[in-house]
1. Inside region 1-31, can you point out the residues that are under 30 Å from Ser50 (Cα atoms) and of a type outside the set (Ser, Thr, Tyr)?
2. For Arg132, state whether it is farther than 22 Å from Tyr2 by Cβ, open to solvent by 80 Å² or more (accessible area, probe 1.4 Å) and either touching an Asp or Glu at 6+ places or on another chain (Cβ under 7 Å) or touching a residue at least 40 places away in the same chain (Cβ under 8 Å) (or both).
3. For region 37-48, enumerate the residues that are at pLDDT 90 or above and not in a helix (DSSP H, G or I).
4. For region 9-18, give me each residue that is open to solvent by 100 Å² or more (accessible area, probe 1.4 Å) and within 13 Å of Leu59 (Cβ to Cβ).
5. Given the structure, is Ala51 more than 30 Å from Lys14 (Cβ to Cβ) and open to solvent by 20 Å² or more (accessible area, probe 1.4 Å)?
6. Restricting attention to region 102-116, does a residue exist that is in a helix (DSSP H, G or I), open to solvent by 50 Å² or more (accessible area, probe 1.4 Å) and in contact with a Leu (Cβ under 8 Å, 6 or more places away or on another chain)?
7. Would you please name the residue that is nearest to the chain's Cα centre (by Cα), looking only at residues in region 15-36 that are charged (D, E, K, R) and not in a loop (DSSP other than H, G, I, E, B)?
8. Can you find even one residue in region 56-67 that is more than 25 Å from Lys128 (Cβ to Cβ), at pLDDT below 95 and open to solvent by 50 Å² or more (accessible area, probe 1.4 Å)?
Amino acid sequence: MYRKEEQPLPPPEKFELPFEGKLSPNNRWVIMAELIPWDDFEEEYAKLFSAEKGAPAKLFRMALGTLIIKEKLGTSDRETIEQIRENPYLQYFIGLNCYQQEPPLESSMLVHFRKRIDGELINKINKKIVKREIDKSDKEVKKRIVSNKKEKK
């Protein structure tokens, strides 16, 4: 069963930590979290689940984020979950609203995530990220051209 939570994720500086302090917006996991169009693929991921049967599924951000962490760190499924449990930046990356001491999921869930998030979906996500970054770059170039023309007048 799939149930999307309609709870906006706080910006990194509002992520609650148990020991005071804030997440740095310059952290690699925070930056990467901003690059990935999580919401654009949530619906496609949700279609893989029954609306009425089964236990509620983990959100797409948690599923994909956990797989990205595993690949980026080169860890086993169990070690990936342990890293997430210990690191508030990784918890933010997978979509948690605040730091929690308990693991957000069991390592066996990664097997299910890998079955559902295939290479085709990963390629779609990568293409979307690249397109968005190119579009952003094009806008910046156009702004500079317009600005330079105004300065010359």
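1. Met1, Arg3, Lys4, Glu5, Glu6, Gln7, Pro8, Leu9, Pro10
2. Criteria met by Arg132.
3. Pro37 - this is the single residue of region 37-48 that is at pLDDT 90 or above and not in a helix (DSSP H, G or I).
4. none
5. It is true that Ala51 is more than 30 Å from Lys14 (Cβ to Cβ) and open to solvent by 20 Å² or more (accessible area, probe 1.4 Å).
6. Checked region 102-116: at least one residue is in a helix (DSSP H, G or I), open to solvent by 50 Å² or more (accessible area, probe 1.4 Å) and in contact with a Leu (Cβ under 8 Å, 6 or more places away or on another chain).
7. Filtering region 15-36 for residues that are charged (D, E, K, R) and not in a loop (DSSP other than H, G, I, E, B), the one nearest to the chain's Cα centre (by Cα) comes out as Glu34.
8. yes
The values are calculated or read from the model by the stated rules, or taken from the named source; none is laboratory data. Being a predicted model, the structure only gives us computed values, none of them experimental. Note that each Cβ is placed from the backbone with ideal geometry, even for glycine, and that neighbours are counted across all protein chains shown. Accessible surface areas use protein heavy atoms only, side chains included; no ligands, DNA or RNA. Shrake-Rupley method; radii C 1.70, N 1.55, O 1.52, S 1.80 Å.
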